[in-house]
Every structure is written in C-alpha cells, then in structure tokens.
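Enquirer: The structure that follows is given in the form of structure tokens.
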Amino acid sequence: MSAPRFSIVVVGDGAVGKSAMTLRFLRDQYDPTIEDSYCKHIEVDGQEYTLDIIDTAGQQEYRGHWNDQFMRAGDGFICVYSIASMGSFQELVEYRNQIWHAKESEDVPIVIAANKSDLLEEREVDTEIGKEFARFSNAFYIETR
C-alpha cells in the first residue's frame, strides 16, 4: 500500500525566503538553485506520508494565471512573510483570501511562517501581530530563520 500523498503549496511575496525554507526542510540545507516542485517522504506517528511541495518562487508576477490552479490542488498551505517586511505580511491577507476562495472553505490547513527571524534589528512585524493573524485565519504560526 502506498503512503497517503498530500500537496503543500508555499506562497508569499518575492524575497521572503520561500525557496530557502523549503529546501532546508527537504534537504536540511539551502541551495539557491530555483526549482518549483519537490517530493519528500516523512513519517508521523509511525505512518508514512508523501508530500508534494510546490514552491511558488518567482511566480508572483503571474499570480492571476497560476493561483487558482495551485490553490485548488493544494491540501495544505504555508504562507510565508519576512519579519523585516511589513509589505510581505500585509500581502498574506490576499493569499489567505485566495486560498479560502479556491477551496470554498475557511477550514483549510494553513501555516503562517514568519521567516528571517534572525533579522531582529530589521524587524517590522511584531511576533504578536503574526500570531493574531494566524489565530484569526485558523492557522498555525511559526517563526523560522
């Protein structure tokens, strides 16, 4: 029997670190080579799963063309912003709304990922604001480097 398969879509503005975060998860390292689709096998509580991870890096300018396709295909979403960019945080509202619209539900697995948490001196988005947005969006919240 094959492992259950889930599609995870990673969205966010350009230069927030989506590809770096994705590659770190997949390979425990960062390689700046831009790809857009990855596969990873994981085990959770003794059950094996296959994750198809779609990284939307470099595709923000084509948002209208690909969003519905990716959003409908996604089983879960990681919405990434940089703590050093209020603009990237504000764009999450639009990404979240597009997800809810495409899935025709607000009950969708979403992780709000506050990236670049090591840039404390450049922080524009307070942790509590990110956590509140996640609560309001029925999402999980994490901070990453």
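Enquirer: With label points built 7 Å along Cα→Cβ from the Cα atoms of R145 and V111, find their separation and express it in nm.
Expert: My value for the distance between the label points is 1.7 nm.
Enquirer: If you don't mind, there's one more thing I want to ask. What full-extension length gain, to one decimal in nm, is calculated for L26 and S2 as 0.36 nm per residue of separation minus the Cα-Cα distance?
Expert: Numbers: separation 24, 0.36 × 24 = 8.64 nm, distance 2.01 nm.
Between L26 and S2, full extension yields an extra 6.6 nm.
Enquirer: Now for a separate question. Which FRET efficiency, nearest 0.05, do A15 and R123 yield, Cβ-Cβ r, R0 22 Å?
Expert: 0.85
Enquirer: Grab the DSSP H runs of the chain that are 4 residues or longer, score each as -39,500 (n - 2.57), total them, divide by all residues and round the 222 nm result to the nearest 500 deg cm²/dmol.
Expert: Taking each H run of at least 4 residues, the total per residue is -10500 deg cm²/dmol.
Enquirer: Moving on to the next point. Rank these for me by crowding, S88, S117, S105, going from fewest to most other beta carbons within 10 Å.
Expert: Numbers: S88 23, S117 16, S105 9.
Ascending number of Cβ neighbours within 10 Å: S105, S117, S88.
Enquirer: In a shell of Cβ-Cβ distance under 13 Å around S105, excluding S105 itself, what net charge do Lys and Arg (+1) and Asp and Glu (-1) give? Don't jump to the answer; show the numbers that get you there.
Expert: Values: positive: R72, R96, K103; negative: D75, E104, E106, D107.
That sum, taken over residues with Cβ under 13 Å, equals -1.
Enquirer: Sorting F25, F89 on the 10 Å Cβ count, fewest up front, what's the list?
Expert: Numbers: F25 17, F89 24.
Fewest to most other Cβ atoms nearby, the residues stand as F25, F89.
Enquirer: Arrange the following residues from fewest to most other Cβ atoms within 10 Å of their Cβ: I112, I42.
Expert: With the sparsest Cβ surroundings first, the list reads I42, I112.
Enquirer: Another question, if that's okay. I need to check one value: relative contact order of the chain, counting alpha carbon pairs closer than 8 Å and at least 6 residues apart, in percent.
Expert: That works out to 26 percent.
Enquirer: Okay, next question. Under 10 Å, Cα contacts only: if you run a Gaussian network model on the chain, which one of Q90, Q98, Q47 comes out with the highest mean-square fluctuation?
Expert: Of Q90, Q98, Q47, the most mobile in the Gaussian network model is Q47.
Laboratory data are not the source of any read-out in this text; all were calculated from the coordinates shown. Since we're looking at a predicted model, the values are computed, not measured. FYI the Cβ positions are ideal-geometry reconstructions off the backbone, even for glycines, and counts take in every protein chain you see.
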